[in-house]
Structures are given as structure tokens and as C-alpha cells.
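Visitor: Got a structure for you, questions after.
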Amino acid sequence: MSKSKTVAKFIGAFCLMLLFVASASAQEYDVVPGQRVGFIEIGMSRQTVQGKLGKPSGTYSLRGRGYRGDYWFSSDNSNTLRVFYNGAGRVFQISVTSPRFTTPEGLNTHSSLADIRRSYKNLKVLRMSARGDIDYYYDSRRGIAFELTERLDAHSSSLTMQLYAMLVFKPGSSPQSEPDEFFR
């Protein structure tokens, strides 16, 4: 084999490897409705989740028969990943606050409610309250919710509803609220 053919094969193999690495890296931040957030999937065991993410920053009980939640903070404590488990220790909901995670439509936690409504036409609203108003706009058929919380708008100095987190859950169900939230 000539030297130029060997170099061409090496370059081709290197390009394929880069494509694979880029694809795997992009997948790490995908939000796939009804299926997964990054590498954490609906139905995955708690043991498998902790094997991938390490020991959680904290754990708490949820309303329901033996339901639990684990959460992990980012290294700078600005973002959170929450995983909810059913009584059998299987993932039934995943929530993320980091804007690095995006849906197939390109939505992330910096998106507006108008952006969300353009991509998801049949949203229902679950209105909760805790330390302020919380609205979950969700599509139960597709298994995705968008959690908007009341926050101070820096431009107008007034309270507005802004996207805080994206949630993925089993299609056909509805999002599970946090234990400190109640219906309003």
C-alpha cells in the first residue's frame, strides 16, 4: 500500500473517531422527551444512576409509596439534576436546570414560554406554590414538562415567570412536584 493511501486511511479513521466523540458528547446534554436527560434514562435503576453520577449531593422522600429523590449540584452549585425513583427504585422522572441541556427543538432553560408553546402545542398547566408560584407546563403524551418559577426580572424589577427546569417523565403520566410544593 502506498504512503498516500495509508495517510488517507488514517485521516479517514481519525475523522470517524472525532465524529463519534462529538456525537457522544452532544448526547450527554440531550433532553429526549419521555426517555432521558443526558445518559440518565426513565426506568434505569437507582444503583445504575449512582454508578454513572456518583454519590448524590442529597436524598429526600417524595409523596407516594416509597418514592425517593436524589439530586446532584454542579461543581459551582448553580445547576441541579434531580432524579425521582418509584418504590421499586426505578427512575420515573428526571429534572435539570442547566442551560447546556437541550431538547430536539433546541429549547433549554433560557427559553421563553413563547418558545416552548411554539414547539409544544398541547400543554397542560399544573399550578403549585412553595416560596413563590411555580407552573409546570407539560405534555403528558410526550413525557416532558417545563417548570417556570416566579423570579425578579432584572430589567423591570418586577416578578415574572421564567423557565427554571426541564423535566422528562414516562409518557402518559404527569410531572411529580417537589415535596415542599402545594396546589394553589
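The values are calculated or read from the model by the stated rules, or taken from the named source; none is laboratory data. All values derive from a computational prediction rather than experimental measurement. So basically every Cβ, Gly included, is an ideal-geometry build from the backbone, and we count neighbours across all protein chains shown. Heads up: the accessible areas ignore ligands, DNA and RNA and are worked out on the full protein's heavy atoms, side chains in. Shrake-Rupley method; radii C 1.70, N 1.55, O 1.52, S 1.80 Å.
Visitor: Considering Arg82, Arg118, Arg127, which residue is basic (Lys, Arg), exposed (fewer than 13 other Cβ atoms within 10 Å of the Cβ) and either touching a helix residue (DSSP H, G or I) at 6+ places or on another chain (Cβ under 7 Å) or part of a strand (DSSP E or B) (or both)?
Guide: Arg127
Visitor: Residues to consider are Met166, Met161; find the one that is closer than 21 Å to Leu81 by Cα and open to solvent by 50 Å² or more (accessible area, probe 1.4 Å).
Guide: Met161
Visitor: Which of the residues spanning region 94-105 are under 29 Å from Arg63 (Cα atoms) and part of a loop (DSSP other than H, G, I, E, B)?
Guide: Thr97, Ser98, Pro99, Phe101, Thr103
Visitor: I'm checking my understanding of the structure. Among residues of region 143-158 that are modelled with pLDDT under 90 and assigned to a strand (DSSP E or B), which one is farthest from Arg131 (Cα to Cα)?
Guide: Taking region 143-158 as the starting set, the residues that turn out to be modelled with pLDDT under 90 are 150-158.
Among the residues that remain, those that are also assigned to a strand (DSSP E or B) are: 150-152.
Numbers: Glu150: 9, Arg151: 11, Leu152: 13 Å.
This residue is Leu152.
Visitor: Only one of Arg118, Arg184 is touching a residue at least 24 places away in the same chain (Cβ under 8 Å) and among the basic types (Lys, Arg); which?
Guide: Details: Arg118 fails: touching a residue at least 24 places away in the same chain (Cβ under 8 Å).
Checking each option against the conditions leaves just Arg184.
Visitor: Moving to a separate point now. Report the residue count in region 100-147 for those that are aromatic (Phe, Trp, Tyr) and in contact with a Gly (Cβ under 8 Å, 6 or more places away or on another chain).
Guide: Of region 100-147, the ones aromatic (Phe, Trp, Tyr) are 101, 120, 136-138, 146.
Right, trim to in contact with a Gly (Cβ under 8 Å, 6 or more places away or on another chain) and you get 101.
So the count comes out to 1.
Residues are listed down the side, and each one gets a yes or a no for (1) in contact with a Ser or Thr (Cβ under 8 Å, 6 or more places away or on another chain); (2) open to solvent by less than 50 Å² (accessible area, probe 1.4 Å):
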| residue | (1), (2) |
| --- | --- |
| Arg46 | no, no |
| Gln50 | no, no |
| Tyr60 | no, yes |
| Arg65 | no, no |
| Asn108 | yes, yes |
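Visitor: Considering (1) open to solvent by 30 Å² or more (accessible area, probe 1.4 Å); (2) modelled with pLDDT of 95 or more, say which one Phe73 fails and leave the rest.
Guide: Failed condition: (2).
Visitor: Run Val91 past the list (1) in a strand (DSSP E or B); (2) out of contact with any helix residue (DSSP H, G or I) (no Cβ under 7 Å at 6 or more places or on another chain) and report the number of the one that doesn't hold.
Guide: Answer for Val91: the failing condition is (2).
Visitor: Is there any pair linking a residue in region 49-65 that is within 12 Å of Val83 (Cβ to Cβ) to one that is open to solvent by 60 Å² or more (accessible area, probe 1.4 Å), with Cβ under 6 Å and at least six apart or on different chains, and which?
Guide: Lys52/Phe39; Ser57/Phe73
Here's the yes/no breakdown for (1) at pLDDT 90 or above; (2) in a strand (DSSP E or B):
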| position | (1), (2) |
| --- | --- |
| Leu107 | yes, no |
| Asn122 | yes, no |
| Arg131 | no, no |
| Tyr136 | yes, yes |
| Thr160 | no, yes |
| Leu163 | yes, yes |
| Gly172 | yes, no |
